[in-house]
Amino acid sequence: MVKEAYAKAGLFKPGVIDFDVRDLTPAEMVDRLAKIPLLHQPNTAWEYSLSTDLLGRVVEAASGKRLGDFMAERLFKPLKMNETAFAVTPDKMGKLAQPFDKDPVTGNPFKLIDVSKPPANDSAGAGAVSTAPDYLRFAQMMLNGGTLDGKRILSRTTVRWMASDHHGPRITGEPAPGYTFGLGFAVRRGDGLSFSAGTAGDYNWAGYAGTVFWIDPKEQLVAVMMMQSPGAQRLYHRNLLRQLVYQAIVD
């Protein structure tokens, strides 16, 4: 019933791109979302949602700036992430990686967000465009405890808070087997209990189109993989990369 309400509100588009709200203005998104009941009681269950998009609206309200402008000022420019934004300008479209027309496993056509023009709102959950070198700088900053090249972006304690377990035993559901959730990241509970290699405390997130990154404080490593393959093969390639990286560690 909740999904039906999302669909009627134009927040869920099955058969198109499920949760792309970039065609709505910030006010329209918030107004429509506010009229839909929650699927769970707060602080009881973890579920995919538009919560990160809503957080983007909170940032805009608190800062008085469009999300893309705020992120550029506080994150992208200080970290020299010069290719990162919420749309791709015409002069850079030639750099945009293109997917296959169809998923080689299922034969279904690939559908990706159109990033060739500025959106009606900067989607905090699914709107940014970047490159592997740019995103590596972000990941390295996090591994360094909030700093890179002498620029302090976050405090060391904030980074630790973001990468901590915020579920505990009271919240059901998990982003992946063996992982809990921090503030924006999936956080590994232990060395085992997962179908992918890693160590307790590593944290990560993955994108719809197949992108993935993770940060492993114990092993002092970061990894970034960018690809335009939103189909069934993305999980295979993500796990393969993890296996190759951890098998390559020699003490």
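Just so it is clear, none of the values below were taken in a lab; they were calculated from the coordinates. Keep in mind it's a predicted model, so treat the numbers as computed, not measured. Quick reminder, even Gly has a Cβ in these numbers, built from the backbone with ideal geometry, and neighbours come from all protein chains shown.
The table below gives the values:
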| read-out | value |
| --- | --- |
| Length added when fully stretched, residue 31-residue 172, from 0.36 nm per residue minus Cα-Cα | 47.9 nm |
| Only Lys, Arg (+1) and Asp, Glu (-1) charged, at Cβ; the chain dipole about Cα centre in debye | 300 debye |
| Cα gyration tensor shape of region 114-234, rounded if a/c is under 1.5, else prolate or oblate by comparing a/b with b/c | oblate |
| Packing-based exposure ordering (other Cβ within 10 Å, fewest first) of 114, 101 | 101, 114 |
| Residues of region 18-61 with amide N under 20 Å of a point placed 7 Å along Cα→Cβ from residue 96 | 18-25 |
| Least to most buried among 172, 52, 131 (fewest other Cβ within 10 Å first) | 172, 52, 131 |
| Peptide ranges 36-45, 185-194, 8-17 listed from the most packed, as the mean C-beta count within 10 angstrom indicates | 185-194, 8-17, 36-45 |
| Ranked 236, 135, criterion: other C-beta atoms within 10 Å, fewest first | 236, 135 |
| Theoretical gain in end-to-end length, residue 232 to residue 58 [0.36 nm per residue, Cα-Cα removed] | 59.3 nm |
